[in-house]
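The structure appears below as structure tokens.
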Amino acid sequence: MAGHSSVVGTFTVDPRSRAAKRRRRGEGATGWAFVSPSVVIILGLSVVPVLWSLLLSFQVNDLVSPSEWVGLANYKALLTDPTFGSAVSHTLVYTALYVPLSVIAGLAIAIALDRKIALIGLYRTLVFVPFVVSAAAQGVLFSFVLDPEFGVANSLLHKAGLPAQGFFSDPGQALYLLVAISLWSGTGFCVIVYLAGLQGVSGELVEAARIDGAGRWGVLRHVTLPALAPVSIFLLLFQTINALQVFDLVFVTTKGGPLGSTTVIVYFIWEKAFKTFTAGYSAAAAYTLAVALLVVGVALQLYRRRVAAR
């Protein structure tokens, strides 16, 4: 069999191709060796806990004694739990106020700052600075400022001849104060995102609208706002997710009080898990929130695609 060393059947074996395959396998192994620590961390700190908490939501578990499988009993109990209903109500009120106000205020401030004037960089920085302050720091700061007995706010009200306020100790005021603090910090993010979006608005379209006789409101309504629609949808989604997951500000300032008036869903989940040690019930509440976030996210994404298709 002449030439049997270089021909197998009808295919020629190229030594260079075998070397290339070995080199690719070696590169693949090297790549996996580099990323494997990150993969292990991701699996250990995200995927495994998510699956474990899902199983936990179908059990009665106090994190100490052996668990008992109860199926959907935890989810059914949530439907009749007045405390969970109040937490959902407070979260929805917070979200309904915070999300549109932060987006609208962010757009208005961004339009006001989208011009070339002296110290414009300073103004933009001052608007954005509150966003980078942690919620815990914000909570400590405003807890001192709004302290009913020794706070600066009541001191100023007294000097102005106005009655003192309960602030965080008043069930009728506490939740709205949390919204106000969140607006102070969260609006800056919307401003920066809108400022970036405004750079993409076509100057030619704006000029054409003005030539056609459109004033400032006409340009805003027919040119600027349609061009910023994808940005607005992104901000609505981002701010809604943040609002539905609010926890740290509540934990630092009110701890769900007074009289449960600021107990939101995530604080309810924490309380059930680490104060009453009903971990299975807490996990069921967490997955209920996760489904709500998924529904909101999918709905806004579908709307974004619908707007983009126009």
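The values are calculated or read from the model by the stated rules, or taken from the named source; none is laboratory data. Since the model is a prediction, treat every value here as computed from it, not as a measurement. Cβ sites come from the backbone with ideal geometry, for glycine too, and all protein chains shown count toward neighbours. In case anyone asks, the SASA skips ligands and DNA or RNA and just uses the protein heavy atoms, side chains included. Shrake-Rupley method; radii C 1.70, N 1.55, O 1.52, S 1.80 Å.
Observations, loosely collected:
- Selection count, region 272-310, where residues are β-branched (V, I, T) and either at pLDDT 90 or above or out of contact with any helix residue (DSSP H, G or I) (no Cβ under 9 Å at 6 or more places or on another chain) (or both): 5
- Filter pass, Y281 being more than 15 Å from the chain's Cα centre (by Cα), under 20 Å from I109 (Cα atoms) and of a type in the set (F, W, Y): no
- Note on region 240-261: residues that are over 19 Å from the mean Cα position of the chain (by Cα) and open to solvent by less than 70 Å² (accessible area, probe 1.4 Å) total 7.
- For region 275-298, filtering for residues that are farther than 17 Å from L54 by Cβ and open to solvent by 60 Å² or more (accessible area, probe 1.4 Å) leaves 5.
- For region 86-160, the helices (runs of 4 or more DSSP H) that sit wholly inside it and include 1 or more residues that are within 25 Å of V296 (Cβ to Cβ) and not β-branched (V, I, T) are 120-132, 135-145.
- Count of residues meeting criterion [polar (S, T, N, Q) and buried (at least 18 other Cβ atoms within 10 Å of the Cβ)] in region 74-98: 3
- Residues considered: L107, L79. Of these, the only one that is on the phi < 0 side of the Ramachandran plot and without any contact (Cβ under 8 Å) to a residue 12 or more places away in the chain is L79.
- Region 111-130 residues that are touching a residue at least 60 places away in the same chain (Cβ under 8 Å) and open to solvent by 70 Å² or more (accessible area, probe 1.4 Å), paired with ones that are assigned to a helix (DSSP H, G or I) and not β-branched (V, I, T) (beta carbon under 6 Å, 6 or more apart): R124/L113
- Residue selected from region 299-310 under the condition free of Cβ contacts under 8 Å to residues at least 24 places away in the same chain and of a type in the set (G, A, S), by the criterion surrounded by the most Cβ atoms within 10 Å (Cβ to Cβ): A299
- Pairs are defined by a Cβ separation below 7 Å, a sequence spacing of at least 6 or placement on different chains, a first member in region 28-42 that is modelled with pLDDT of 80 or more, and a second member that is small (G, A, S); no pair meets this definition.
- All of V103, V35, V50 fail the test of being over 24 Å from F274 (Cβ atoms), surrounded by fewer than 17 Cβ atoms within 10 Å (Cβ to Cβ) and hydrophobic (A, V, I, L, M, F, W, C), apart from V35.
- Single match in Q138, Q173 (criterion: free of Cβ contacts under 8 Å to residues at least 40 places away in the same chain and closer than 30 Å to S86 by Cβ): Q173
- Meets criteria (in contact (Cβ under 8 Å) with a residue 12 or more places away in the chain, over 18 Å from the mean Cα position of the chain (by Cα), farther than 18 Å from L235 by Cα and open to solvent by 50 Å² or more (accessible area, probe 1.4 Å)) for S65: no
- Condition met for G186 (closer than 26 Å to F128 by Cα and in a helix (DSSP H, G or I)): yes
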